[in-house]
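All remarks here apply to the structure that follows.
Values in this text are rule-based calculations from the coordinates and carry no lab data. Worth saying up front: this structure is predicted, and the values here are computed from it rather than measured. Neighbour counts are summed over all protein chains in view; Cβ atoms, including those assigned to glycine, are modelled from backbone coordinates with ideal geometry.
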Ligand SMILES: NC(=O)c1ccc[n+]([C@@H]2O[C@H](COP(=O)([O-])OP(=O)(O)OC[C@H]3O[C@@H](n4cnc5c(N)ncnc54)[C@H](OP(=O)(O)O)[C@@H]3O)[C@@H](O)[C@H]2O)c1
């Protein structure tokens with residue numbers, strides 16, 4: 001690759017030996033590529049996936065130290081089992097898994113599917129694992145977070161569901177979660193940092209589950225014409241995992257509209273920086289998941 005996709009913009013990784021990374025949704029796309037980079041640099045990577053058979057096949061493709069554990073973010077009992085089954089230290093949790101613009105549906109616990117998987121599942125997972133995390137929590141948001149504020153009175157968008165609105169809300173929730181997580185970590189004097197990242201636009205499986213089949217066909221075309229590779233999209237994730245950044249950093253490609261170039265700090269919407277909404281979303285998420293702040 002050359003020019004805008006130049007591999008020289010890929011961050012150089014230090015030796016990650018001795019570090020443990022939990023990567024959700026590591027079976028494909030950006031999670032897979034991030035896992036590959038982290039394991040390739042010597043880290044031990046836990047592939048937290050909902051399909052462990054595919055997970056084992058994924059692990060077999062990776063050089064380095066990996067293991068596969070079952071995690072379905074759309075089922076809080078699975079999130080609890082995953083956390084209960086892990087008693088070792090974790091250097092960094094990478095909240096990567098996600099679904100986009102799917103047809104209206106519910107998680108096992110009755111949450112709207114996109115907020116349930118992308119935000120509430122990761123919210124519960126983070127709080128359950130936090131006492132074991134030593135370095136940081138990196139949560140993958142999106143440039144599409146830039147939309148209306150989260151609906152705290154109707155988080156499930158009951159009666160007003162639209163696939164795009166629900167995705168935007170869930171990705172905005174990822175950023176608000178990071179704001180409040182960092183605030184809470186600072187309040188208790190924790191050295192752990194909360195960061196968010198986004199890949200720009202990379203061709204992955206994400207674009208093939210739209211509620212409208214026509215959109216899947218259109219996105220397949222734009223994946224070929226406009227999108228970067230999943231490897232490119234994983235660079236901001238890995239940068240957020242290894243770079244020395246102030247808490248609550250938001251990392252993405254720094255060139256052309258956050259779609260190209262080397263990873264670095266990216267702008268975010270005014271809504272995503274609203275500390276009051278972030279606090280209220282946190283409280284609502286505690287209520288919805290029955291998982292509370294552990295520190
Ligand atoms: N690609 C982009 O252009 C883009 C842009 C902005 C943000 N993002 C964000 O990047 C992240 C990774 O997406 P991607 O592009 O790499 O898409 P992807 O290839 O579809 O990967 C998403 C992963 O999440 C997993 N997942 C979905 N639901 C899950 C659940 N209930 N429990 C556990 N895992 C679940 C999927 O598992 P299966 O393999 O079993 O389906 C898949 O491995 C997402 O948070 C997405 O919002 C992507």
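Structure values in brief
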| read-out | value |
| --- | --- |
| Selected from 234, 203, 12 as most flexible by GNM, with the chain as the system and alpha-carbon contacts under 10 Å | 12 |
| All Cα pairs of segment 25-86, percent lying beyond 16 Å | 40 percent |
| Amide N proximity, segment 119-160 versus residue 276 label position 7 Å along Cα-to-Cβ, cut-off under 17 Å | 149-153 |
| 209, 198, 239 arranged by Cβ crowding within 10 Å, fewest neighbours leading | 209, 239, 198 |
| Label-reachable residues, segment 105-139, where backbone N falls under 18 Å from a point 7 Å from residue 292's Cα toward its Cβ | 123-131 |
| Highest-fluctuation residue, 249, 208, 17 considered, GNM on the chain with Cα pairs under 10 Å | 17 |
| Segment 188-256: radius of gyration over Cα atoms, expressed as a fraction of 2.2 N^0.38 Å | 1.41 |
| Cβ-based exposure ranking for 295, 13, 259, in which fewest neighbours within 10 Å come first | 295, 13, 259 |
| nm² value of the averaged projected area, convex hull over the Cα atoms of segment 1-148 | 10.2 nm² |
| Inverse of mean 1/r across different Cα pairs in the chain, Kirkwood, Å | 18.8 Å |
| Candidates 261, 85, 105: whichever shows maximal mean-square fluctuation once the chain is modelled as a Gaussian network with Cα springs under 10 Å | 85 |
| Residue 224/residue 257 FRET efficiency (R0 22 Å; Cβ-Cβ; nearest 0.05) | 0.70 |
| Order of 21, 167, 161 under a 10 Å beta carbon neighbour criterion, fewest first | 161, 167, 21 |
| Extension gain (nm, one decimal) between residue 215 and residue 60, 0.36 nm per residue minus Cα-Cα | 52.5 nm |
| Extension gain from residue 151 to residue 205, taking 0.36 nm per residue of separation minus the Cα-Cα distance | 16.7 nm |
| Gain in span if fully extended, residue 186 to residue 269, counting 0.36 nm per residue against the direct Cα distance | 27.6 nm |
